[in-house]
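Have a look at the structure below before the remarks.
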Amino acid sequence: MSTKFLLPFLFAASIIANDDVDSNGYILYCPCMGRFGNQADHFLGSLAFAKELNRTLALPPWVEYRFGEPKSVQVPFLEYFELEPLSKFHRVITMEEFMEKFAPKVWPSKERTSFCYMARGQGSDCNAKEGNPFGPFWDTFSVDFVQSEFYGPLNYDVHHNQDMSRKWNSRYPSNKFPVLAFTGAPASFPVQQENVGLHKYLVWSQRIVDRAVNFIRNVLPIGAFIGIHLRNGVDWTRACEHLEHSPNLFSAPQCLGYRNELGIASQDMCFPPHDLIAKQVKLAVKEYHAKSVFVSSDNDHLIPFLTKALKRMEVTVQKLANPEPHVDLAILGRANYFIGNCISSFSAFAKRERDVNGLPSGFWGFPPNRTGAAKQKHEEL
């Protein structure tokens, strides 16, 4: 048969293959802890977990909390990231496609079990839909659970216990449990050290890339620019108060190490004072001959303060007119140099993306007394 006549058959076969049920089973979960930075950490761990169990991972929507909205909003995964790069690492499918095409076959409404380590909330089951965002998340897909399954003492660490994936598959074989639907992400926070490198498979959607590139080309002056992330909202002030008792708070391991082998978190690292911010930004601008500074923040971008502090260096200080966190991150990922908050998972996302692309980064107040971009760059050599 000639290629001309064979192509329609190959195309038809590919469609059929795409509709085939994965006999190895599926993993679903609610990204119900924290905002985007935390959810991204959990996603990388869940991706690794799915691969080790050899189950297809249903890509959940991102859970967002918007001002004035009484409940969380679920944003489709593909709104922010591409599907194809993830498929190069492991089998993935969007939650929307799974519910439409495969749930009726492998996860009928009368057989939907929620998985949790132990009873959650009031009662003796997982209470998978109790509270926000748990309820709104599953309601987005019209999912109700008929029973609970406690998987303890199993855990998600498939790296340090190489027998863990076998234990999961032995206890929950796919022929009896085609879907493992977790009340929360099957992953730890912050992201395990072994899973940090998986960030290379998270590629921004074209919409996000276009907005970021458009801002860099049309708003920032031609030349190098420094990207900085400032966490300074009221909630962050309160979080930093716990440093004394939680030296590895949130994403601190990204610069201090997972066993605090590189030091202990300080208040300057968590909530840097203005003079420290100005000092580090000036050093970075000088080192990279930057023409501008891009600021991303959850609260105060410090535009007037930084503009005054950098006046003699003739650089502009900019932010998005209508800030969107994901576009902020895409811009930070393209900066010539980035200074982030060691404790913040939002900064950690930008740092991982830059590491993937071999771009230099630093943190506020770290290492102590050696905060210049040039000195940090020297240490990396």
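The values are calculated or read from the model by the stated rules, or taken from the named source; none is laboratory data. Only a predicted model underlies this, so the values are computations on that prediction, with no experimental measurement involved. Note: ideal-geometry Cβ built from the backbone for every residue, glycine included; neighbour counts use all protein chains shown. Quick note on the areas: whole protein, heavy atoms, side chains included, nothing else; ligands and nucleic acids left out. Shrake-Rupley method; radii C 1.70, N 1.55, O 1.52, S 1.80 Å.
Checked against the criterion of being outside any loop (DSSP other than H, G, I, E, B) and over 30 Å from GLN280 (Cβ atoms), region 224-232 has no qualifying residue. Would you call ASN169 farther than 21 Å from TYR80 by Cα, open to solvent by 20 Å² or more (accessible area, probe 1.4 Å), assigned by the TED database to the domain that holds LEU83 and outside any helix (DSSP H, G or I)? The answer is no for ASN169.
Among the candidates SER124, SER114, the residue that is open to solvent by less than 50 Å² (accessible area, probe 1.4 Å), of a type in the set (Ser, Thr, Tyr) and either in a loop (DSSP other than H, G, I, E, B) or modelled with pLDDT of 95 or more (or both) is uniquely SER114.
Whether any residue in region 222-241 is modelled with pLDDT under 90, open to solvent by 30 Å² or more (accessible area, probe 1.4 Å), among the acidic types (Asp, Glu) and within 20 Å of PHE189 (Cα to Cα) is what I want to check. Taking every residue of region 222-241 in turn, none turns out to be modelled with pLDDT under 90, open to solvent by 30 Å² or more (accessible area, probe 1.4 Å), among the acidic types (Asp, Glu) and within 20 Å of PHE189 (Cα to Cα). A search for C-beta distances below 7 Å between a residue of region 69-89 that is assigned by the TED database to the domain that holds LEU59 and any residue that is loosely packed, with under 13 Cβ neighbours inside 10 Å, counting only pairs 6+ apart in sequence or on different chains, returns SER72/TYR65; VAL73/ARG66. Elements of the type strands (runs of 3 or more DSSP E) sitting completely within region 264-355 and holding at least 1 residues that are open to solvent by less than 10 Å² (accessible area, probe 1.4 Å) and touching a Ser or Thr at 6+ places or on another chain (Cβ under 7 Å): these cover 292-297, 337-340.
Can you tell which of VAL196, VAL209 is in a helix (DSSP H, G or I), under 30 Å from GLU52 (Cβ atoms) and among the β-branched types (Val, Ile, Thr)?
VAL196
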